[in-house]
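Notes for the one structure printed next.
The values are calculated or read from the model by the stated rules, or taken from the named source; none is laboratory data. None of the values given here were measured: they were computed from a predicted structure. Cβ coordinates were reconstructed from backbone atoms using ideal geometry, including for glycine residues, and neighbour counts include every protein chain displayed. Heads up: the accessible areas ignore ligands, DNA and RNA and are worked out on the full protein's heavy atoms, side chains in. Shrake-Rupley method; radii C 1.70, N 1.55, O 1.52, S 1.80 Å.
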Amino acid sequence: SGCTGFTDLDAQGLGLGLGSAVGMTEMRLAFQSTAFGDCGLQGLGDSIGRLRQLTKLHLDIANCSGVRDVGIAAFSAGLGKLRRLGALHLGLFRCGVGGAGLRDL
């Protein structure tokens, strides 16, 4: 948190790197109050979806007003590939996510 210059492009780049960490079982990411948005969330979800051993995920995107229902839907598609995921924590405070996005989770 505090990296206000962190953007969707940065998140997509991070996601590309994370996608190669195939043995990872736990992940904790915090992007509060950044310029992180739907495109970044989609790229991150695509990459996290390749981490088949992941059992715990904590993602805090509080105060990221660029995250909306469409981003959560795209992120959820990646999560749907994680058969071992048993614990998920999403910090969505003050994001643009509504009921439609939450249903996609």
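Before moving on, here are some points about what is shown:
- Length available on full extension from residue 105 to residue 22: 0.36 nm per residue minus the Cα-Cα distance, which gives 27.6 nm.
- For trypsin sites (Lys or Arg not before Pro), the sites in the range 1-99 that DSSP calls loop and that have at most 14 other Cβ atoms within 10 Å are 52, 83, 84, 94.
- Net charge of neighbours whose Cβ lies under 15 Å from the Cβ of residue 100, counting Lys and Arg as +1 and Asp and Glu as -1: -1
- Normalised contact order of the range 1-83, rounded percent, pairs of Cα under 8 Å and 6 or more residues apart: 36 percent
- Equivalent ellipsoid, the chain (semi-axes from 5 times Cα gyration tensor eigenvalues, Å): 20, 16, 12
- Within the accessible surface of the chain, defined with a 1.4 Å probe on protein heavy atoms only, the carbon and sulfur portion equals 53 percent.
- Equivalent ellipsoid, the range 10-55 (semi-axes from 5 times Cα gyration tensor eigenvalues, Å): 19, 11, 8
- Accessible area expressed per residue, the chain, with surrounding protein chains retained (probe 1.4 Å, Å²): 50 Å²
- Under the Debye formula (equal points on every Cα, no solvent term), log10 I(q)/I(0) of the range 23-82 at q = 0.17, 0.25, 0.29 Å⁻¹: -0.52, -1.03, -1.23
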